[in-house]
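Here is the structure we will look at, set down as structure tokens.
FYI, it's all coordinate maths here, none of it is from the lab. Just so we're clear, the structure is a prediction, and the values are computed from it rather than from any experiment. Note that each Cβ is placed from the backbone with ideal geometry, even for glycine, and that neighbours are counted across all protein chains shown.
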């Protein structure tokens with residue numbers, strides 16, 4: 001059963017990666033900054049780094065999702081197994097249909113469903129559930145929407161000129177000054193000396209900032225060119241994925257806390273195990289939800305994408321340090337909608353409606369699946 005729990009946690013990390021990788025990189029793809037495949041690699045890298053950094057600062061989240069909303073600890077291994085099954089069941093379905101849903105909501109619902117089946121109504125500390133999880137999850141989309149709506153004009157004005165400039169990473173050939181080598185016996189250049197004295201070149205890499213029109217005319221080997229706005233966008237995208245890694249990894253790793261198989265396993269190993277599963281899901285299954293968030297809600301340019309990611313990464317990072325389990329899904333999606341409404345006056349409300357409905361049913365659906373799984377374990 002312990003090995004079964006390990007397998008389920010890895011699967012949960014995998015479907016989390018497949019559904020959540022898009023949250024930090026959707027604006028990159030929607031803004032045509034980089035290709036989807038490159039964006040997924042960037043998001044996977046920064047998420048993995050965030051997951052490992054989270055080892056040092058996410059003890060509060062581990063406690064909340066391992067025992068923080070239960071009236072007393074549950075020793076039975078079937079409890080975390082049922083929780084994992086409940087969360088996996090809904091996230092897998094949502095990922096296959098391209099809906100961005102919250103792993104945090106799914107885990108919360110699954111914990112409640114499993115607790116109701118194994119401990120009864122008194123097994124859940126409802127006040128702690130409301131204060132530690134429900135309120136932060138309910139308020140964060142609203143805060144994210146209005147934060148993006150409010151700060152976008154300020155950021156647009158502050159960065160109004162950056163679209164006229166670009167950063168170029170250029171590879172150029174630089175001449176090496178030869179040193180004359182004289183043969184001591186013949187007082188003439190030997191063949192070896194002549195070869196050494198031949199004019200040589202070596203490639204050098206330099207970062208050049210210039211106006212866009214000059215950057216476009218630059219002829220160099222393997223030049224990598226980004227508008228400054230796109231470079232800032234790439235940075236905030238990485239910060240959002242980094243924050244997601246910090247906030248999501250401890251929630252999943254918490255399912256392994258208390259399993260007797262882990263008696264000698266340290267937190268770093270647990271986080272690495274979960275991070276590997278998340279990375280695999282991101283690379284292999286992250287495209288469908290990415291298409292929904294990057295193309296179907298609203299169009300966006302580099303500054304709009306920068307604003308959405310800046311607000312989302314700031315909110316999720318602050319919540320992680322405070323121990324609040326925000327949903328990166330809700331925060332990022334709400335920021336994207338807020339940007340669309342503020343800058344373009346609209347969003348694709350049909351898609352937004354479908355996403356909101358998926359959010360509403362996430363918690364009860366995961367709870368029902370976990371409840372049924374717990375009942376089945378009781379019978380067998």
Return the distance in nm (one decimal) between the two label points of a simple spin-label model at residue 361 and residue 97, each offset 7 Å from Cα along Cα→Cβ.
0.4 nm
Potential extension, residue 269-residue 157 segment - 0.36 nm per residue separation minus Cα distance:
35.8 nm
At a Förster radius of 41 Å, what calculated FRET efficiency corresponds to the Cβ-Cβ distance of residue 276 and residue 380, to the nearest 0.05?
0.85
Per-peptide average of other Cβ atoms within 10 Å, ordering 122-134, 73-85 highest first:
73-85, 122-134
May I ask you to order 294-301, 1-8 by the average number of other C-beta atoms within 10 Å around their residues, highest value first?
294-301, 1-8
Ranked packing of 34-41, 87-94, most packed first, by mean Cβ within 10 Å:
87-94, 34-41
